[in-house]
1. With the structure loaded, tell me whether A:Gln113 is closer than 22 Å to B:Cys96 by Cα and more than 7 Å from chain B (Cβ to nearest Cβ) or whether it fails that test.
2. Does B:Val83 count as hydrophobic (A, V, I, L, M, F, W, C), buried (at least 17 other Cβ atoms within 10 Å of the Cβ), within 18 Å of B:Ala10 (Cα to Cα) and more than 10 Å from the chain's Cα centre (by Cα)?
3. Looking only at residues that are of a type in the set (A, V, I, L, M, F, W, C) and within 8 Å of DNA strand C (Cβ to nearest atom) in the stretch B:1-31, which one is farthest from the chain's Cα centre (by Cα)?
4. Taking B:Arg87 as the residue in question, decide whether it is basic (Lys, Arg) and away from DNA strand D (no atom under 14 Å from the Cβ).
5. Suppose the filter is free of Cβ contacts under 8 Å to residues at least 24 places away in the same chain, charged (D, E, K, R) and within 14 Å of another protein chain (Cβ to nearest Cβ); does B:Glu31 pass it?
6. Take the residues of the stretch B:40-64 that are crowded, with 19+ Cβ neighbours inside 10 Å and among the hydrophobic types (A, V, I, L, M, F, W, C): which is farthest from DNA strand C (Cβ to nearest atom)?
7. So the check is Cβ under 6 Å with 6+ separation or different chains; which pairs have a first residue in the stretch B:69-91 that's farther than 19 Å from B:Ser120 by Cβ and a second one that's surrounded by fewer than 21 Cβ atoms within 10 Å (Cβ to Cβ)?
8. In the stretch B:131-159, which residue that is of a type in the set (D, E, K, R) and surrounded by fewer than 17 Cβ atoms within 10 Å (Cβ to Cβ) is nearest to A:Ser120 (Cα to Cα)?
2 protein chains.
Amino acid sequence: MSQSETIRDAILDAAEARARAAGYNGFSFRELAADVGIKSASVHYHFPTKSDLAHELMERYRTKALDFLGEPASADAALDRIVLLFRQAALESEMCLCGALGVSSAALPPLVQTSAARFSRTLVDWLKHAPDAGRDLPFPPEAIVALLEGALLLSVTARDPAFFERATLPLNP
Amino acid sequence: MSQSETIRDAILDAAEARARAAGYNGFSFRELAADVGIKSASVHYHFPTKSDLAHELMERYRTKALDFLGEPASADAALDRIVLLFRQAALESEMCLCGALGVSSAALPPLVQTSAARFSRTLVDWLKHAPDAGRDLPFPPEAIVALLEGALLLSVTARDPAFFERATLPLNP
DNA sequence: GTCTATAATTTGATAGAC
DNA sequence: GTCTATCAAATTATAGAC
């Protein structure tokens, strides 16, 4: 936790790391509290319920992704950028939060279900609205996002970042 | 549970359904026991620990997949077959067990980590050894499996089976 | 805002009777 | 093989003092 960070942000940072590694049922208020250096009752002060926390976590993750992606000048640039977004995760063997939560969508609180689904839709829409996307993208936006998410999932499953590169070769023409 | 099924198989059936919906931390011995109609102590008789159960579950899932895939006569036939394997899951909004467990690989018992990784490697190898795979497959085997797994993951996340079809269009030339 | 204390429930796992 | 009974630990969440 950096000096100028609020406690809320520090809690979300800890939650993001743990949720990406272990999913919705894989982190607890006590663990987050210990990570941040407070007690679990204080975490509940900032986020009354676990679904509140996960929902806000997912929305923050979506905003951060859009900030990173920016406004691409071309379809090629957009493709490069979104590949980089997933490659960075693969290099650290960290799953995408959307996949980490969405994989158990059926077992999630409704609010979290919705925000996980919104993340993937946001990525597809962002690709779809890149300049000349319809003409210059090598595949439909849905296929590109699915390939990236699947390549990351399997590289995490195999604990082998190199798998990501082999699986995404078709995106480098 | 069908008449000729052993209790072991019935337990594994219940575990498969719950693990695919909610992941490794998303099912309990008590829930499986209730599904099958016995007590949790009896489940422990058949599977001493949870990692024993999940490991055997993952291995059975892999064997069933290989049985379904069979021995394809051509690369085209292999591609059709593996697409069908994932499409069936997508139509029921059921995640692949490998993805459901592997997504939290870092939090899994070592034995389960290994068997989840083995499943995805098995699919890639199966595609790789299809007749004339190197010449006739439209993409590298890693890319095909990643695209299928990612398309399924996002269709489950979005609770929209149609997403799977849009994302896998590049596999239907 | 953070704490102590605790409630109510669930979890994986074991002992021992039958 | 299945059961009852139980344990020790962990879970989400709340009440109320400071």
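A short reminder: the numbers here are calculations on the coordinates, not readings from a lab. No experiment lies behind these values; they were computed from the predicted model shown. Heads up, the Cβs are rebuilt from the backbone with ideal geometry, glycines too, and the neighbour counts pull from every protein chain shown.
1. Yes, satisfied.
2. no
3. Taking the candidates together, the pick is B:Phe29.
4. yes
5. The answer is yes for B:Glu31.
6. If we take residues in the stretch B:40-64 being crowded, with 19+ Cβ neighbours inside 10 Å and among the hydrophobic types (A, V, I, L, M, F, W, C), then B:Met58 is farthest from DNA strand C (Cβ to nearest atom).
7. These pairs meet every condition: B:Ser74/B:Pro131; B:Ala75/B:Asp132; B:Ala75/B:Ala133; B:Ala75/B:Asp136; B:Ala75/B:Leu137; B:Leu91/B:Pro161.
8. B:Arg159
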